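Chemist: The following block contains the structure, expressed as structure tokens.
Since every read-out is calculated from the coordinates, none of them should be taken as a lab result. Predicted, not measured: the structure shown is a model, and the values here were computed from it. Reconstructed Cβ throughout: ideal geometry from the backbone, glycine too, with neighbour counts over all protein chains shown.
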Amino acid sequence: MNNFKELKVWKAGIDICKTIFTLTKSFPAEERFGLVSQMNRSAVVIPSNIAEGCGGKPNKELYQFLN
């Protein structure tokens, strides 16, 4: 499975990222390097792990990334 961009779960992960980034823009400035940063990074991990798992590796490794 090399085309991760067609996976519904990857698309949902991108939607989560967009939602989190939009939401955290309204947080107070003093949270920029704390909670905002942590939430943004954790949201990006979802589609990133899916994409990395689809990078030509055997299905066993893909399942590990999805887990």
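Chemist: Given Cβ point charges of +1 (Lys, Arg) and -1 (Asp, Glu) and nothing else, what value in debye, to the nearest 20, does the dipole of region 4-66 about its Cα centre take?
Modeler: So the magnitude is around 160 debye.
Chemist: Please give the residues of region 29-62, grouped as numeric ranges, whose backbone N is less than 14 Å from a label point set 7 Å along the Cα-to-Cβ vector of Ala12.
Modeler: 46-47, 50
Chemist: Which label marks the calculated value of Rg/Rh (Cα atoms, Kirkwood Rh), given the options (i) 1.04; (ii) 1.10; (iii) 1.01?
Modeler: (ii)
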